[in-house]
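Notes follow the structure.
What follows draws every value from the coordinates through simple rules; no lab data is involved. This is a predicted model, so every value here is computed, not measured. Please note: Cβ atoms are built from the backbone with ideal geometry, for glycine as well, and neighbour counts cover all protein chains shown.
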Amino acid sequence: MRASVGAQRSTKWLGAVAVFTTALFPFVGYLAPLGFAPLLALCGLLALPGLARARPASPPTMALFVLVVWGLISLRWSPAAPKIASLRDSGDLGGFTGLKLLFELALYGAAIASLRQLSERAARRAAAVLAVGALALAILVALDGVSGAAFYQWLRTSIHDPIRPDLAVVKVSIATYALALLFWPTARIMSGRGWTPAAFVLLFAVIVAAISLSADASWAALAAGFIAFGAVRLFGKVAARWLVAAVATPFVVGPVLMLWGVHSGLVAALHRHVPRSWDARLDIWAFASDRIQDHAIRGWGIDASRTFGPAIPLHTHNAALQLWLELGAVGAALGGVFFSWVAYRIVTLTGESQEDGAIAAGALVTYLVIGGLSFGVWQEWWLALGALTVIACDISRKD
């Protein structure tokens, strides 16, 4: 009897944590997207009581753990390794990527594992909050997009922290990445509740926001996600199995394909036709692929991307190439194992529900395409957003 009462209290607590997290999504997404990292860390801390009933660590979690350990080992030869003597306070620890990854894996993993145990009633509450918040955020960002981020500029001015119009557009555009990812579980929630018109409004708003704010990776990733969604929705497990191969390919032969593109003249041809931002990406990818050959097995070491000067501004803007460059074939293999296992789980999920499998496929491809075009693989807010997407997909399945 006591155990039953304790379980009920735990479920109610986890439900409150889920509602708290989803309620903050639109505010963080618009005002401070980098805040997804502390939000998910707090969610993980609050959800820790739920780990008592959680399942043991899954194979993909173990792959990520080994990847982080390998990253820490690579500090021995990384030119970006922080000096131990300089780590005197918590502020200095912010530059210790390997250590941050350990905490993120623990906290984000705790959030996912614990909230996976939500009751259907609690999941429905959180789902409703997420759907309303995502729709409101999408409409706001779309309106800001067509107005040149006028509302965001007014907001910053009203708190005596004015911002240049071009920087305001960039700040607001970051919300489109979160919206592109959360579109999939949110659309699932809306369609399941009979709110289909709202799902179309959400899609339209996200597209308008991405195009008007020049967030090319957002709309490109959403388009790719729809291809994956449609394929799995129409062809079921056959398409889902092909998705596993598609997900693994960049982690296996990414540098080889890029070098082939350089030597065949394909990259030079693309340089003449793509916009400036994509032209810069091609230069970064070609340079990174060439440097990968120097230490193909062990890599240059974690965070080494930051040490190549103007040739690579901060990171490679491609997750697979960054893993290859910094952690070599070992790191790329571990990253490929993780995402391939996630894709393989979609095969099983598709067998249970073709709709849920298609939604998961759309979300996974959207995340990989954005990660393959825009952000560094270690950026904590981006990793947190991936964790939030997993939580949202779990909630949508119970709604």
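Can you return the lysines within cross-link range of Lys83? Criterion is Cα-Cα under 24 Å, with same-chain partners fewer than 8 residues away left out.
Within reach: Lys100.
To one decimal place, what orientation-averaged projected area in nm² is obtained for the convex hull of the Cα set of segment 245-296?
With every direction weighted equally, the projected area is 4.0 nm².
Over the alpha carbons of segment 201-260, what is the largest minus smallest coordinate on each principal axis, giving the biggest first in Å?
Computed over the Cα atoms, the extents are 36, 33, 13 Å.
For every other residue with a beta carbon closer than 15 angstrom to the beta carbon of Phe36, add +1 if it is Lys or Arg and -1 if Asp or Glu, then tell me the sum.
So the surrounding residues net to 0.
How big is the gap, in Å, between the Cα center of segment 248-269 and the Cα center of segment 355-399?
Segment 248-269 and segment 355-399 have Cα centres spaced 26 Å from each other.
Please report Rg (one decimal) and Dmax (integer) in Å for the Cα set of segment 280-331.
So, for segment 280-331, Rg and Dmax equal 9.4, 27 Å respectively.
So for the chain, averaging the separation of alpha carbon pairs under 8 Å that are six or more residues apart and normalising by length, what relative contact order in percent results?
The normalised contact order for the chain reaches 25 percent.
Ranking request for peptides 106-117, 179-190: highest mean number of other beta-carbon atoms within 10 Å first, then the rest in descending order.
Going from most to least packed, we get 179-190, 106-117.
Cα centroids of segment 163-189 and segment 137-160: how far apart, whole angstrom?
12
Got a sec? How would Trp154, Trp70 order by Cβ neighbour count within 10 Å, fewest to most?
Trp154, Trp70
Long-range amide H contacts for Ala296: which residues qualify at under 5 Å (H placed 1.01 Å from N, peptide plane, sequence gap of 5 or more or a different chain)?
Placed amide hydrogens put nothing under 5 Å from Ala296.
Debye calculation, C-alpha points only, no solvent: report log10 I(q)/I(0) for segment 253-399 at q = 0.10, 0.12, 0.16, 0.18 Å⁻¹, in the same order as the q values.
For the requested q values the scattering log ratios are -0.41, -0.57, -0.91, -1.06.
Stretched out fully, how many nm does the piece from Phe235 to Met62 gain, at 0.36 nm a residue minus the Cα gap?
Result: 59.2 nm gained on full extension.
Just from its helices, what would the mean residue ellipticity at 222 nm be for the chain, if runs of 4 or more DSSP H residues each count -39500 (n - 2.57) and the sum is divided by every residue, rounded to the nearest 500 deg cm²/dmol?
-26000 deg cm²/dmol
For the pair Arg164 and Ala311, how long in nm is the line joining their label points, each one 7 Å along Cα→Cβ?
Output for this residue pair reads 2.9 nm.
Can you tell me what percent of all Cα-Cα pairs in segment 158-237 are more than 16 Å apart?
Counting every Cα pair in segment 158-237, those more than 16 Å apart make up 59 percent.
Return the distance in nm (one decimal) between the two label points of a simple spin-label model at Val201 and Val274, each offset 7 Å from Cα along Cα→Cβ.
3.7
Sorted by packing (mean other beta-carbon atoms within 10 Å per residue), highest first, where do 71-77, 339-345 land?
Going by the mean number of other Cβ atoms within 10 Å, highest first, we get 339-345, 71-77.
Find the relative contact order for segment 93-192 and round it to a whole percent, using C-alpha pairs within less than 8 Å whose residues are 6+ positions apart.
Relative contact order, segment 93-192: 27 percent.
Binned at 20 Å from 0, what are the whole-percent values of the Cα-Cα distance distribution for the chain, short to long?
Going from the shortest bin to the longest, the percentages are 26, 60, 14, 0.
For a footprinting-style exposure proxy, rank Asp399, Asp216, Asp279 by other Cβ within 10 Å, fewest first.
Asp279, Asp216, Asp399
What is the Å³ per residue value for the convex hull set by the Cα atoms of segment 123-181?
84
Which ordering of Val206, Val330 is given by a fewest-first count of other beta-carbon atoms within 10 Å?
Val330, Val206
Give the cross-link partners of Lys398 among the aspartates and glutamates, using a straight C-alpha distance below 20 Å as the criterion and excluding same-chain residues fewer than 8 apart.
Of all the aspartates and glutamates, those that pass the test against Lys398 - Cα under 20 Å, at least 8 places apart if same chain - are Glu120, Glu352, Glu355, Asp356.
Convert each backbone phi in segment 27-39 into a coupling constant with the Karplus relation 6.51 cos²θ - 1.76 cosθ + 1.60 (shift: θ = phi - 60°), then list the ³J(HN,Hα) values in order as whole Hz, x for Gly and Pro.
Karplus values, whole Hz, x for Gly and Pro: 5, 5, x, 8, 8, 7, x, 5, x, 4, 5, x, 4.
Mind checking which of Ala18, Ala384, Ala231 has the largest fluctuation in a GNM of the chain, springs on alpha carbons under 10 Å?
Highest fluctuation among the options: Ala231.
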